[in-house]
Amino acid sequence: MTESISTESRQTKNKTVKGKLQRSVNGSVGTYLNRLLMFAVRREELLAVRKMAELKQALAPGTTVGYLSNIVKDSIRIGWVERPKAFYVTQYALAPIIVDYSTDHSLVVGYFDPPLRSEVIDERLDRIRDFDNGVVLFRKK
Amino acid sequence: MFAVFAIAPVLMGVLLLDYLTRRTDRNPGFRVVTLCLGAGVGFGICSLIYFIWALLGKPLAHGFLFIEVGCLLGLTLGYIFTRRDCTVSTESHHYPAPQSSILWVLRCGFYVVLGFALARFSGLSLQNPHGYVDAWVIYNLRAKFLLQANLSWHNAFSDLLAFSHPDYPLLIPANVARGWEYVGENTVFVPILIAMIFTFVTAGLLMSAVTVVRTSLAQGYLAGLVLLSGLSFIEIGTYQYADVPFAFFCLATIVLFALYDSSSGADKSFLVIAGLTAGFGTWAKNEGWLFLLSIACARFISIALYSHIKQVLREGLFFALGLVPVIVVVVYFKLYIAPANDLVSSQQVQHVLPRLMDISRYFQVGGQFLQQLMRLGDWPVPTLALLFCNLIFLGLRVEEKQKQSIATGAITVVLILIGYFFTYIVSPHPLSYHLDTSLSRVLQHLWPSLLFVYFLVVRVPDVATEYIERLKPKTA
């Protein structure tokens, strides 16, 4: 009895070890193949660059603008600063215009997903131009 | 113009190296070394020219182009006159006869893996044409500011952009901005091409340098194969960060010391170029300062071990000749343009000491180091373990004149590892976050150099084949 239990437990143990090993090998080979073959996904920075192109032309290089958004997913921490990915993407798309993570500027860039239409976003802001793709330019009242 | 943007630096670097080394032999391995080194050095020089032109307020539209053309003309003239003055070297370079089956397998393997690596690089770059996070938050973002007219590019160092690490040196941003000026628009193909050149030139340099120093094509192919077949090196190359260019400059400096030692100390020009590449390391990444310190210490130790201590001064002088012009620009950038680094500026004794005394941090960092070291190369099985098995199977073979180069390379790698280890120990950032976001990347800085040192030490496969052949029973 004792022997059968120990044999069984040994077999179970062997199975577990074998399973773990197999899973680990499959996992690593699977990951290897997945990473080898990943292709074409829509990138947020690509979309933002396209969406902001018209706004960028409307602003003079070197201008500093404020930032307002309802996109808060995917925070990115860089050094001490943690902000939504959409902010960094906006800054990259608009450079050499400087985007400040606040609305305390005479001009404020709005980046919304889903795009906001008629509702009042901030009482202190006047909508100057809506670019119809979630990108809005505001002026401070 | 797109082709000129990439060809001009390569040509400039190759001509400069040819002028300095005055090599006239037809050794194909050395030609590849010159081409690969020249590409990196050329991009380094062009980024300096662009930065100095920007510092001067960008006089003349595309003024940097005139300086580049002037440099190219000067170097071409220098090349022509040097060629005329030099006598053709009679030095013979016989690599083991290529009939060995192992060489054929390695050669085929190398080209297949190179093809896959190129396809994978292209695929990943198409998937992420703007690079990964740091590319569009730091490097390419700064390039967009550098592109501005007059002195408006200083906006890149505004306090509002403090998150974008404005203290990072400008080798990559200046090259990207320079490329955009050539092309006339902000196309994603410029940073992609720069990343691609540095990634594959690093592999080319490793392969050709091992071939030249070990006089074994098989060993060279094997080294290139190991580097290119690793997924992470190619992947990090597509990030468009400065990590792979920095890895290139680390490898280049160690290779140049090895070439100098192979010439039995006769060719001092290698030391001048080593100074130049070490300088470009500091212009690529802040870690370049640690590399500079490490390689200086390593060289000092290796000379003390295998040579006469007087050699330190002589070598130091030639090394400084190449280093100083680059360092002057980097120091100017650090003193007058860049803000303080976040890892350094926030370090005060009362904060650092408790972190240094915290044993749990050593366990955490040590554990992550071990884990990531095992993942170096990123094969389905640990690459380091496989390389160790290869070492056991083939054995060691160190030539007398390469001992000093091996010591220089190995000590440099160890010192940098120690430096990185303690950077994490005293890091002011949350430790898990800091390790998770950077360790796998920073270890790649050392991967090509580590492979170079490894392939200088391990017995060449040609010799192993001969040994196996000798063991076979004779049928006659």
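Please treat every number below as a calculation from the coordinates, not as lab data. Since we're looking at a predicted model, the values are computed, not measured. When we count neighbours, we look across all protein chains shown, and the Cβ atoms used for this are built from the backbone with ideal geometry, even at glycine.
What the Cβ-Cβ distance of B:Tyr111 and B:Leu293 gives, at R0 = 56 Å and to the nearest 0.05, is a FRET efficiency of 0.90.
Counting only complete DSSP H runs, which helices of chain B cover 27 Å or more along their long axis at the Cα atoms and score a mean Kyte-Doolittle of 0.5 or above?
Numbers: long enough: B:2-21 (30 Å, 2.08); B:28-55 (40 Å, 1.66); B:63-85 (33 Å, 0.99); B:101-127 (39 Å, 1.34); B:189-214 (37 Å, 2.08); B:243-262 (28 Å, 1.60); B:287-306 (28 Å, 1.50); B:311-332 (30 Å, 1.88); B:403-425 (33 Å, 1.48).
Span-like helices in chain B: B:2-21, B:28-55, B:63-85, B:101-127, B:189-214, B:243-262, B:287-306, B:311-332, B:403-425.
Which ordering of A:Asp122, A:Asp74 is given by a fewest-first count of other beta-carbon atoms within 10 Å? If you can, show how the numbers build up before the last one.
On the way: A:Asp122 14, A:Asp74 11.
Taking fewest neighbouring Cβ atoms as first place, the list is A:Asp74, A:Asp122.
Were the residues from B:Tyr433 through B:Ser122 laid out at 0.36 nm apart, the gain over their Cα-Cα distance would be 109.0 nm. Charged neighbours of B:Leu456, selected by a Cβ distance under 9 Å, balance to 0 (K, R count +1; D, E count -1). Assuming charge only on the beta carbon of Lys and Arg (+1) and of Asp and Glu (-1), the dipole of the protein assembly as shown about its Cα centre is about 1040 debye to the nearest 20. Roughly what % antiparallel, to the nearest 5, for the DSSP beta bridges in the protein assembly as shown? Close to 70 percent. Loop only by DSSP, 16 or fewer other Cβ within 10 Å of the Cβ. Give me the trypsin sites (Lys or Arg not before Pro) in the range B:340-410 that pass, ordered by residue number. Passing sites in the range B:340-410 are B:Arg397. Got a sec? Which residues in the range B:198-236 would a label at B:Arg397 touch, if it sits 7 Å along Cα→Cβ and we count backbone N under 16 Å? Residues passing the 16 Å test: B:210-223.
Considering only beta bridges that DSSP places wholly inside the range A:44-140, some 70 percent are antiparallel. Taking label points 7 Å from Cα along the Cα-to-Cβ direction, B:Leu384 and B:Ser263 give a separation of 3.5 nm.
For the residues A:Ile78, B:Ile194, what sequence is obtained by ranking on other C-beta atoms within 10 Å, fewest first?
On the way: A:Ile78 18, B:Ile194 25.
Fewest-to-most Cβ neighbours within 10 Å comes out as A:Ile78, B:Ile194.
Order these peptides, B:149-159, B:72-82, by their mean beta-carbon neighbour count within 10 angstrom, highest first. Before the final figure, lay out each step's value.
Working: B:149-159: 15.6, B:72-82: 14.0.
For the peptides B:149-159, B:72-82, the packing ranking is B:149-159, B:72-82.
The range B:302-325 and the range B:391-466 have their alpha-carbon centroids 22 Å apart. Between B:Gln311 and B:His62, the contour length at 0.36 nm per residue exceeds the alpha carbon distance by 85.2 nm. Once both labels are positioned 7 Å from their Cα atoms along Cα-to-Cβ, the gap between B:Phe81 and A:Arg50 label points is 5.6 nm. How much FRET efficiency would the formula 1/(1 + (r/R0)^6) give for B:Ala340 and A:Arg77, where r is the Cβ-Cβ distance and R0 is 22 Å, rounded to 0.05? Plugging the Cβ-Cβ distance into 1/(1 + (r/R0)^6) gives 0.65. Estimated from helices alone, the mean residue ellipticity of chain B at 222 nm is -24000 deg cm²/dmol (sum of -39500 (n - 2.57) over DSSP H runs with n ≥ 4, per residue). Roughly how many whole Å is it from the C-alpha centroid of the range A:44-122 to that of the range B:107-123? Here the answer is 39 Å between Cα centres.
Using the Cβ-Cβ distance between B:Val328 and B:Ser101 with R0 set to 56 Å, the FRET efficiency works out to roughly 0.60.
Rounded, prolate or oblate: which one fits the range A:44-140, using the alpha carbon gyration tensor with axes a ≥ b ≥ c (rounded when a/c is under 1.5, else prolate when a/b beats b/c, else oblate)? It is rounded, given that a/c, with a ≥ b ≥ c, falls under 1.5.
Can you put B:Glu315, B:Glu235, B:Glu399 in order of Cβ neighbours within 10 angstrom, beginning with the fewest?
B:Glu399, B:Glu235, B:Glu315
Restriction of the trypsin sites (Lys or Arg not before Pro) in the range B:283-346 to DSSP coil positions whose beta-carbon has at most 11 other beta-carbons within 10 angstrom yields B:Lys310.
Which order do the peptides B:318-324, B:383-389, B:449-455 take when ranked by the mean count of other beta-carbon atoms within 10 Å per residue, highest first?
Numbers: B:318-324: 19.9, B:383-389: 14.6, B:449-455: 24.4.
By packing density, highest mean first, the sequence is B:449-455, B:318-324, B:383-389.
Counting only other chains, and only Cβ atoms inside 10 Å, what mean value do you get across the residues of A:92-100?
Numbers: counts 10, 4, 1, 14, 11, 3, 7, 2, 4.
Partner-chain Cβ atoms within 10 Å, mean over residues of A:92-100: 6.
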